[in-house]
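Worksheet: the structure to be examined is printed underneath.
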Amino acid sequence: MHMADALISPAVGGTMLAVSASVAACSIRKVKHEMDEKKIPLMGVMGAFVFAAQMINFSIPGTGSSGHLGGGMLLAILLGPYAGFLAMASILLIQALFFGDGGLLAYGCNVFNLGFFTCFISYPYIYKWFTRKGINPKRIFLGSMVSAIIGLQAGSFSVVIETLLSRKTELPFGSFVLLMQPIHLAIGVIEGLVTAAVVTFVWKARPELIEGADGKGVSSNTSVNKVLTVLSIAAIIVGGVLSWFASTNPDGLEWSVERTYGTSELEAQGEIYDTLSEIQEKTAFLPDYGFKSSGNENEQATENEEAQAAWPDVNLGTSVSGIVGGGLTLAFTVFIGFMINTVNKRKRNAAA
């Protein structure tokens, strides 16, 4: 559900960037009170895992579409809403800058759609309602399933509203929303299952992590090594190997755009679109999660068609992208956590 720049106007893109930046600033202020040395590596590993998981598109039977894990609910449940939102913002920034996944103008929209509704709506008001009387596998499953579905429905509806406010007449509201919501309902079911499975594993391995995610902190006696090791290995396997098995069908957003407009790619003309596109071409050293192609456009088109026809797509470029992207996300997210923790320590020492 990564929006391209062509789907929004500069006014909407700028506004949503300001909104997402404000939420991120608020999250940084809030997370200072709950950030500790044990949470920093978990934040990084979870970011890497979600990055890798987003590379795997799974087919939606009978539709010709596909979907991928959003990961916002997973991040919120394991890290808390504020750290989860910051991790999602980091993932999407790495994807946009270095892999050309999601537009730079649309970055604020993507952060809001994938991070805000899950971390600040679905998690506190839906997931925590199911687990308010205690945590067990059944409550984790129900909470994960319902909250993931509602979070994704809200995010997909937000995409429709953003295109409406951008006056994208190619995507009339009625037709677009009638395609977006049902397809993302199906995607939400899969996301709920994956979220429930990961959260249940972590809860069984270290229940303190789930119980201490929302501002309570993690006990100094709690070892997170097992959880970190398993999630790190999973991120490498998912990004480096399982990404070969990603569906070649268009994702839910592309599928909806194509059936509404006739093609999945809208044209965007204007200086700001051209400038941001040039910047992204320069920064994306692994565009579309693969090596940059050399040669003329016809050869590149032929290679792309062959790659789409082959399944699984055993591709070194995809594996490198999954591992490098996960590593970059881990490093950047850990850096954010480390800086927040350092500032927090200095303030405490100054107060003492």
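The values are calculated or read from the model by the stated rules, or taken from the named source; none is laboratory data. These numbers come from a predicted model, not from an experiment. Virtual Cβ from ideal backbone geometry, glycine too; neighbours counted across all protein chains shown.
Look through the stretch 293-327, keep the residues that are of a type in the set (S, T, N, Q), more than 26 Å from Ala89 (Cβ to Cβ) and surrounded by 13 or more Cβ atoms within 10 Å (Cβ to Cβ), and return whichever of them is modelled with the highest pLDDT.
Of everything passing the filter in the stretch 293-327, Asn315 is modelled with the highest pLDDT.
With Ser90, Ser22 as the choices, which residue is at pLDDT 95 or above, surrounded by fewer than 24 Cβ atoms within 10 Å (Cβ to Cβ), assigned to a helix (DSSP H, G or I) and among the polar types (S, T, N, Q)?
Unique residue meeting the criteria: Ser22.
Looking at the structure I just gave you, is Lys216 of a type in the set (D, E, K, R), surrounded by fewer than 16 Cβ atoms within 10 Å (Cβ to Cβ), part of a helix (DSSP H, G or I) and modelled with pLDDT under 95?
Taking the combined requirement at face value, the residue does not satisfy it.
What pairs come out if I take residues in the stretch 313-330 that are farther than 15 Å from Gly100 by Cα and among the acidic types (Asp, Glu) and pair them with residues that are at pLDDT below 95 and crowded, with 24+ Cβ neighbours inside 10 Å whose C-beta lies under 9 Å away, six or more apart or interchain?
Here the result reads Asp313/Ser243, each pair linking the stretch 313-330 to a residue that is at pLDDT below 95 and crowded, with 24+ Cβ neighbours inside 10 Å.
Taking into account only those residues within the stretch 224-262 that are among the acidic types (Asp, Glu) and crowded, with 17+ Cβ neighbours inside 10 Å, which is farthest from the chain's Cα centre (by Cα)?
Once the filter is applied, the top-ranked residue is Glu254.
Would you mind telling me which numbered condition in (1) assigned to a loop (DSSP other than H, G, I, E, B); (2) modelled with pLDDT under 95 Ala83 fails?
Only one criterion in (1) assigned to a loop (DSSP other than H, G, I, E, B); (2) modelled with pLDDT under 95 is unmet by Ala83, namely (1).
Might you let me know whether the stretch 160-176 holds any residue that is crowded, with 23+ Cβ neighbours inside 10 Å, closer than 20 Å to Leu69 by Cβ and modelled with pLDDT of 95 or more?
no
Residue-wise test of (1) of a type in the set (S, T, N, Q); (2) part of a loop (DSSP other than H, G, I, E, B); (3) at pLDDT 90 or above; (4) within 26 Å of His68 (Cβ to Cβ).
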site	(1), (2), (3), (4)
Ala235	no, no, yes, yes
Trp244	no, no, yes, yes
Thr260	yes, no, yes, yes
Gln280	yes, no, yes, yes
Phe291	no, yes, yes, yes
Thr329	yes, no, yes, yes
Asn349	yes, no, no, no
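In this structure, is Glu191 under 30 Å from Ile233 (Cα atoms) and among the acidic types (Asp, Glu)?
Against the criterion (under 30 Å from Ile233 (Cα atoms) and among the acidic types (Asp, Glu)), Glu191 qualifies.
Name the residues in the stretch 104-139 that are in a loop (DSSP other than H, G, I, E, B) and surrounded by fewer than 24 Cβ atoms within 10 Å (Cβ to Cβ), would you?
Leu104, Thr131, Arg132, Lys133, Gly134, Ile135, Asn136
For the list (1) under 19 Å from Ser9 (Cα atoms); (2) over 15 Å from the mean Cα position of the chain (by Cα), I need the number of the one condition that Met180 fails.
Every listed condition holds for Met180 apart from (1).
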